[in-house]
Amino acid sequence: MHRVMPMNLPRSHAARVFRALGDDTRLTILALLRTRELCVCEMTALVGLSQAAVSEHLRRLKEAGLVEDRRRGTWAFYRLRSDLPDYVRAALETVQLPAECIVQFAEMVPGARCATSPQAVPVAVAGDEA
């Protein structure tokens, strides 16, 4: 069940949500997460940015309450929050992935880069404390 946006949402929270939605890379990440949970290393391959840059975008999305993460050892996996407001879900339904992302995403085996790839490197997510 989707959460309806309360009418008395603090302006600071609303501003954080809209700022998060106002970035092309963050919209691409959110569109990818509509499909399934992804590891940070999978997202770096799909959006073509460094792990540090993707982690910073994810930190902002998490602060805005749009995504949540789980850890498996040193790996960080992200998914859309299940309680996203209806207006956010509706906005994300209109976002189209870039063509290069669609092809790469279709060929990607879930979790393969994280668990078995020789290029896989454990991630440190921006804002996390060691």
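For the reader, a short list of remarks on this structure follows.
- Scope region 72-130; condition at pLDDT 85 or above, surrounded by 13 or more Cβ atoms within 10 Å (Cβ to Cβ) and closer than 13 Å to Thr35 by Cα; matching residues: Tyr78, Arg79, Leu80, Arg81, Arg89, Leu92, Val95
- Tallying residues that are over 21 Å from Pro85 (Cα atoms) and assigned to a helix (DSSP H, G or I) within region 55-72 yields 2.
- Pairs meeting the criteria (first residue in region 37-65 and farther than 14 Å from Arg19 by Cα, second residue of a type outside the set (D, E, K, R) and in a loop (DSSP other than H, G, I, E, B), beta carbons under 6 Å, at least 6 apart or on different chains) are Val40/Val123; Cys41/Ala120; Gln51/Val123; Ser55/Val125; Ser55/Ala126.
- Residue within region 59-66 that is in contact with a His (Cβ under 9 Å, 6 or more places away or on another chain) and closer than 22 Å to Ala99 by Cβ present: no
- Selection over region 40-68 of residues that are touching a Lys or Arg at 6+ places or on another chain (Cβ under 7 Å) and charged (D, E, K, R) gives a count of 4.
- Restricting region 19-54 to residues that are in a loop (DSSP other than H, G, I, E, B) and of a type in the set (Asp, Glu) leaves a set whose member that is surrounded by the most Cβ atoms within 10 Å (Cβ to Cβ) is Glu37.
The values are calculated or read from the model by the stated rules, or taken from the named source; none is laboratory data. None of these values were measured; they are calculated from a predicted model. Heads up, the Cβs are rebuilt from the backbone with ideal geometry, glycines too, and the neighbour counts pull from every protein chain shown.
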